[in-house]
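The structure under discussion appears below in the form of structure tokens.
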Amino acid sequence: MNAFPAIAELIPHTGPMILLDRVAAFDEDSLSAELVVRAGLFGDGKTVPAWVGIEYMAQTIGAYAGMKARLAGEPIRLGFLLGTRRYSGNVAEFRVGTLLTVRVDKIMQDEKLGAFECRIAGEGIEISANLNVYQPPLNDTQL
């Protein structure tokens, strides 16, 4: 049994856009999530392009922000990917059915901006990138 909330309770996505399966670990500065690569919105039914890993990473950052919000008694909020730097990987695609672990480590974060070191690991898979993100404050009505 997983002691963490369901991913749907941590990120503002719904239905097939929720790509993560569960939170595996969480602390003040990091979160690890797991997923089994599935056919659906991306790919040819047998594989998913490795660039979708950027969305896996972004959703893991979203789950980290969601965990922090829950602990603070705040609502789950939208966040935005600003950019990706230093993307490096050893595969061009993920096979459907492959178990992946996505880990994000906070480099820096203030009230709105964050930078995270991200890694995706699986059998024979090593991908890393730094993601910059923006989360508007609760009272911000203009984006």
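Since every read-out is calculated from the coordinates, none of them should be taken as a lab result. Since the model is a prediction, treat every value here as computed from it, not as a measurement. Neighbour counts are summed over all protein chains in view; Cβ atoms, including those assigned to glycine, are modelled from backbone coordinates with ideal geometry.
At-a-glance table
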item	result
Charge dipole (debye, nearest 20) of segment 7-134; +1 at Cβ of Lys and Arg, -1 at Cβ of Asp and Glu	220
Among 20, 31, 41: highest mean-square fluctuation, GNM of the chain, C-alpha pairs under 10 Å	41
Order of 138, 81 - criterion: other Cβ atoms within 10 Å of each residue's Cβ, fewest first	138, 81
Tilt relative to the chain, helix 53-72 - C-alpha long axis, 0 to 90 degrees, to 10	30
Selected from 135, 109, 30, residue furthest toward positive end of dipole (the chain; charges at beta carbon)	135
Gap separating the Cα centres of segment 87-133 and segment 16-49, nearest whole Å	11
q = 0.10, 0.14, 0.18 Å⁻¹: log10 I(q)/I(0) that the Debye formula gives for the chain, counting C-alpha atoms only	-0.31, -0.62, -1.03
